[in-house]
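Worksheet: one structure, shown below.
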Amino acid sequence: LEEKIRERTLKLEQQNKTLLEYSFLNSHRIRKYVASILGLVYILKEEDISVEDQISYIQHIQFCAQEMDKIIFQINEGLEVSIN
């Protein structure tokens with residue numbers, strides 16, 4: 001019985017380590033786009049910029065949001081696979 005508990009504990013510890021690494025990597029992938037969005041929104045609110053630049057910044061914000069959506073979808077797919 002003690003051997004089974006030890007094996008199960010090792011397996012759970014390894015799974016936890018894997019999940020921590022997975023979440024760390026994915027948070028950095030998302031953070032890149034969050035930082036871009038926050039920076040662009042700040043510029044749009046605080047700076048006097050041309051309409052053309054505003055449009056360009058909004059397009060970039062949309063791109064960042066789409067990329068984050070893709071990453072989140074990939075994360076969810078990965079979690080579903082690992083759970084099943």
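No value in this document is a laboratory result; all are computed from the given coordinates. Note that the coordinates shown come from a computational prediction; the quantities given were computed from them, not determined experimentally. So basically every Cβ, Gly included, is an ideal-geometry build from the backbone, and we count neighbours across all protein chains shown.
Dimensions of the chain from C-alpha coordinates, computed as largest minus smallest value along each principal axis and given longest first, are 71, 22, 12 Å. For TYR57, the shell of other residues with beta-carbons less than 15 Å away shows a net charge of -4, using +1 for Lys and Arg and -1 for Asp and Glu. The count of lysine pairs in the chain with alpha-carbon distances below 29 Å, taking only pairs 8 or more places apart or on different chains, stands at 6.
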